[in-house]
Every structure is written in C-alpha cells, then in structure tokens.
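Just below is one structure, and these are the notes that go with it.
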Amino acid sequence: TAATDDDVERARKDLREARERLREAEDDRDTEREALSSLRAERADLRAALEDHDPVSEARVETLEDRLDDLRARTRSLASTRTGLQRVVRFNERVLDGDLSDVVDPIDDPNDPTEELLGGGRSVTCWTCGTEVEAETVRGMIDRLSALRSEIVEEQTEVTETIEAVSEERDALVTRREERAETERRLSDVETEIERREERLAAYEKRAAEAERAVERLSGRVE
C-alpha cells in the first residue's frame with residue numbers, strides 16, 4: 001500500500017508540473033497571438049497609407065530645385081544691378097550739386113569750379129564724355145534710372161515671393177518623400193517581425209499541445 005501511495009503522489013506531482021507547463025505554454029501562445037494581431041493590424045494600416053499616397057516624383061523635386069537655383073541667381077543679379085543703379089544715381093546727383101572734387105580731375109579755372117561744372121545752374125559737364133549738357137537732361141536721366149531702380153525693387157519682391165512659393169512646394173514634396181520612405185521602412189520592419197513571431201507562435205502552439213497531451217496522460221495515470 002505504501003508503494004502504491006508513493007506512486008500516486010509522484011503521479012500527482014508530475015501532473016501538477018505538467019499543468020504548470022501547459023499554463024505557461026498557453027500564456028506564451030496567447031501573448032504571441034495578441035502581438036501578432038497588433039502587428040498585422042499595423043501592417044494593414046501601413047499598406048493602406050502607401051496606397052493612398054502616390055510616390056513623390058523625383059523629377060518634380062529636381063525641377064523645383066533647378067527653379068530655385070535660377071531664381072536665386074536672378075535675385076543676386078537684380079541686387080547687383082540695383083546697387084549699380086544706386087551708385088549711378090548718387091553720382092549724377094553729385095554732378096548736379098557740383099560735388100565731384102574727389103572723383104574727377106580738377107577743372108582749369110581754380111577760381112570758380114562750381115560755375116564751370118554747373119554752367120551757372122543751366123548746364124553741367126558730362127562726366128562720361130566731357131561735354132556740357134543741360135541740367136534738366138541729367139535730372140531726366142536720374143528720374144529714369146530711379147524709375148528703373150523701382151522696377152528692379154518690385155521684381156526683387158516678386159522673385160522673393162516666388163522663391164518662397166517654390167520652396168514651400170519643394171519642402172512639402174521632400175517631407176512627403178521622407179514620410180513615405182519612413183512608412184516603407186516601418187512596413188519592412190513589421191513584416192520581418194511578423195515572420196519572426198509567427199515562427200515563435202508555431203513553437204508555442206507545439207509546446208502547448210505537447211503539454212496538453214502530457215496532462216491528459218498523467219491525469220489518466222493518476223486516476
């Protein structure tokens with residue numbers, strides 16, 4: 001009888017251990033199933049996101065980059081022209097004021113240089129050809145140059161606004177491209193993780209099945 005009791009106790013112990021292994025295997029299996037379910041849902045969302053947004057046209061991005069280069073070059077050209085015009089306008093204003101002592105050679109009459117330059121207020125000496133021209137002619141040229149300078153300022157404003165618009169479009173495309181690339185990377189990672197967890201789930205299911213059979217066998221032994 002004692003030997004039989006010992007056999008029963010050992011069988012019960014084995015059964016308890018088998019049931020514990022079964023619970024652990026089932027817990028691992030259920031956890032893996034939940035993780036897989038979450039990953040598969042994320043995979044579906046990622047695939048839908050890629051389908052809803054077309055790939056960014058690299059040719060369009062390059063076109064916008066080239067456009068920005070041209071616009072920036074135009075801005076630099078306009079700035080240079082504007083600076084040159086400003087200098088010419090100021091120089092001619094000094095011609096009218098008779099203030100050219102630091103930029104032209106002294107004139108022949110040292111007693112009355114202003115009178116020689118301005119011609120009594122009616123004419124001035126052209127600083128390009130040396131002939132006398134009417135002061136109004138110089139003023140007219142200054143007005144035309146000033147108007148041209150204003151046109152350049154206006155064009156600079158337009159070019160700056162265009163640069164901002166093109167930059168916004170370029171930046172939006174680059175952002176979309178980066179977001180799509182990140183989505184593709186994440187999808188690849190998720191698919192790899194799904195494969196790994198599917199293998200683990202198969203192993204857990206096999207372990208759980210083996211533990212369940214062991215429980216059934218030991219239960220019969222105890223009975």
remark   = Yeah, segment 9-103 with a ≥ b ≥ c from its alpha-carbon gyration tensor (a/c under 1.5 is rounded, else prolate when a/b outruns b/c, oblate otherwise) is prolate
Cut-off 13 Å between beta-carbons: net charge of the residues surrounding Val88, Lys and Arg +1, Asp and Glu -1 = +4
query = Say each of Asp30 and Asp5 gets a label point 7 Å from the Cα, pointing the same way as Cα to Cβ; how far apart are those two points in nm?
reply = 3.8
request  = Using 0.36 nm per residue of separation minus the Cα-Cα distance, give me the extension gain between Arg19 and Val222 in nm, one decimal.
outcome  = 71.8 nm
ask   = Out of segment 1-81, which trypsin sites (Lys or Arg not before Pro) are coil in DSSP terms and have no more than 11 other C-beta atoms within 10 Å?
value = none
ask   = Can you give the accessible area of Ile152, probe radius 1.4 Å, in Å² rounded to 10?
value = 10
query = How many Å² of accessible area per residue for segment 10-61, probe 1.4 Å?
reply = 69
task = Quick one: check the C-alpha center-to-center distance for segment 30-62 versus segment 177-223, whole angstrom.
result = 22
request  = Any chance you could look up the accessible area of Asp143 with a 1.4 Å probe, heavy atoms only, rounded to 10 Å²?
outcome  = 100
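The values are calculated or read from the model by the stated rules, or taken from the named source; none is laboratory data. Just so you know, these numbers come straight off a predicted model, no measurement behind them. Quick reminder, even Gly has a Cβ in these numbers, built from the backbone with ideal geometry, and neighbours come from all protein chains shown. What goes into the accessible areas is simple: the full protein's heavy atoms, side chains included, and nothing from ligands, DNA or RNA. Shrake-Rupley method; radii C 1.70, N 1.55, O 1.52, S 1.80 Å.
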